[in-house]
Amino acid sequence: MSKVYLKTYFYVEHEIKFLIMNLVESYDHIDKFIICEHNRTHTGQPRDYIFEKYKDRFPEELMDKVLYLPCDISEHAVEAYDNEDAIHAVNEPVMRSAFMTNIDFDDEDIILSVDADEIIYGESYDYILSEVERKDCVRLNLHQFFYKPTYLWKGIDFVSPIATKYKVFKGQYPCNFRDVGEVVSEKVGCHFSWCMTPDEMVYKLHTYSHPQYRSCADKKLLKGAIENKEYPFDESVDFQIEELEENDPIIPESFRSMLI
């Protein structure tokens, strides 16, 4: 019988809360929640594993479905601190698909592939699984938040995460497990992009996938951007933020319980 997996990866402490949210939302709908952690950053720099340090934050009664994979990608990742093309062409696909080298899947197994800050509504799983049964692979349509979990970026659909049968990507490691398939029509979750402190933002700008924005790694600049709802990375972008109430139903139930 086919199984359902939610798969993600993380690399910093502030993403732990997002992992917990996805575990809470998904628990009744999946067989395993695969959490990958790598010994390299997006830019190929060495890093230590930190999951064990924060594992006790997770609800103990839900941990039976967590499958934590510490992934040594040192032989596959490349040094790319100033090479965005290499990050996207080499390191990101390795990171998003390293789990394939650790688990034996059946062709009909379904995998929801999300980054750490992409939260799928618990109530959307039945709909997503029915779409995958019909189409094999679909892109998931999420609300886009920025800076704060109440800052909704108006008019933006975030459609990079996917849900797919394993057979679609079988034998293709490394692959990106992302941006493939028809976009589902319903909103099925939220992307909490850059929902972190200015200090955490500075660290991200030196380690993540877009070195072109590293000039914004300034705490004062970023603090002002958050307070004034500004987008310093590209002035041409239409950045319209609607600030929601903390109990707004668009925000995942698991996150509302943390905010209120």
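Laboratory data are not the source of any read-out in this text; all were calculated from the coordinates shown. None of the values given here were measured: they were computed from a predicted structure. Positions of Cβ are generated from backbone atoms using ideal geometry, with glycine treated the same way; all protein chains shown enter the neighbour counts.
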Inset, instruction - Sort out for me the Cα centre separation of the range 108-154 from the range 207-260, rounded to whole Å. - result: 19 Å
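Could you calculate the contour length gain from ASP56 to GLU242, that is, 0.36 nm times the residue separation minus the distance between their Cα atoms, to one decimal place in nm?
63.5 nm
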Inset, instruction - Enumerate the amide H contacts of ILE34 below 5 Å, restricted to partners 5 or more residues apart or on another chain; note that Pro and chain-start residues carry no placed amide H. - result: LEU6, LYS7, THR8, LEU67
Inset, instruction - Select from GLY155, GLY44, GLY122 the residue whose mean-square fluctuation is largest in a Gaussian network model of the chain (Cα-Cα springs shorter than 10 Å). - result: GLY155
Legend entry - 3J(HN,Hα) from dihedral phi, the range 243-248, Karplus parametrisation 6.51/-1.76/1.60, rounded to Hz, x for glycine, proline: 8, 8, 6, 5, 9, 5
Inset, instruction - Would you grab the residues whose amide H sits under 5 Å from the one on THR41? Only those 5+ places off in sequence or on another chain, please, with H modelled 1.01 Å from N. - result: ARG47
Legend entry - Cβ-defined net charge surrounding SER2, 11 Å radius [Lys, Arg +1; Asp, Glu -1]: -3
Legend entry - Rounded to whole Hz, the Karplus (6.51, -1.76, 1.60) HN-Hα couplings of the range 5-10, x for glycine and proline: 10, 9, 10, 8, 8, 8
Legend entry - Relative contact order (%) - criterion: Cα under 8 Å, at least six apart; region: the range 4-259: 21 percent
Inset, instruction - Compare the Cα positions of VAL66, ILE87, HIS38 along the charge dipole of the range 4-259 (+1 at Cβ of Lys, Arg; -1 at Cβ of Asp, Glu; about the Cα centre) and return the one farthest towards the positive end. - result: ILE87
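Cβ neighbours within 10 Å, averaged per peptide: list 16-23, 196-203 in order, most packed at the top.
Numbers: 16-23: 21.6, 196-203: 16.5.
The most tightly packed comes first, giving 16-23, 196-203.
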Legend entry - Hits among lysines - C-alpha to C-alpha of LYS135 under 25 Å, sequence gap 8 or more where chains match: LYS3, LYS7, LYS32, LYS165, LYS167, LYS170, LYS187
Inset, instruction - Mind listing the long-range amide H neighbours of GLU182? Cut-off is under 5 Å, sequence gap 5 or more, other chains count too, H placed in the peptide plane at 1.01 Å from N. - result: ARG139
Legend entry - Full-extension gain in nm, CYS175 to VAL78, via 0.36 nm per residue minus C-alpha separation: 33.4 nm
Inset, instruction - With θ set to phi - 60°, apply the Karplus curve 6.51 cos²θ - 1.76 cosθ + 1.60 along the range 36-45 and write out the HN-Hα couplings as whole Hz, x wherever there is a Gly or Pro. - result: 9, 9, 10, 8, 9, 7, 4, 8, x, 7
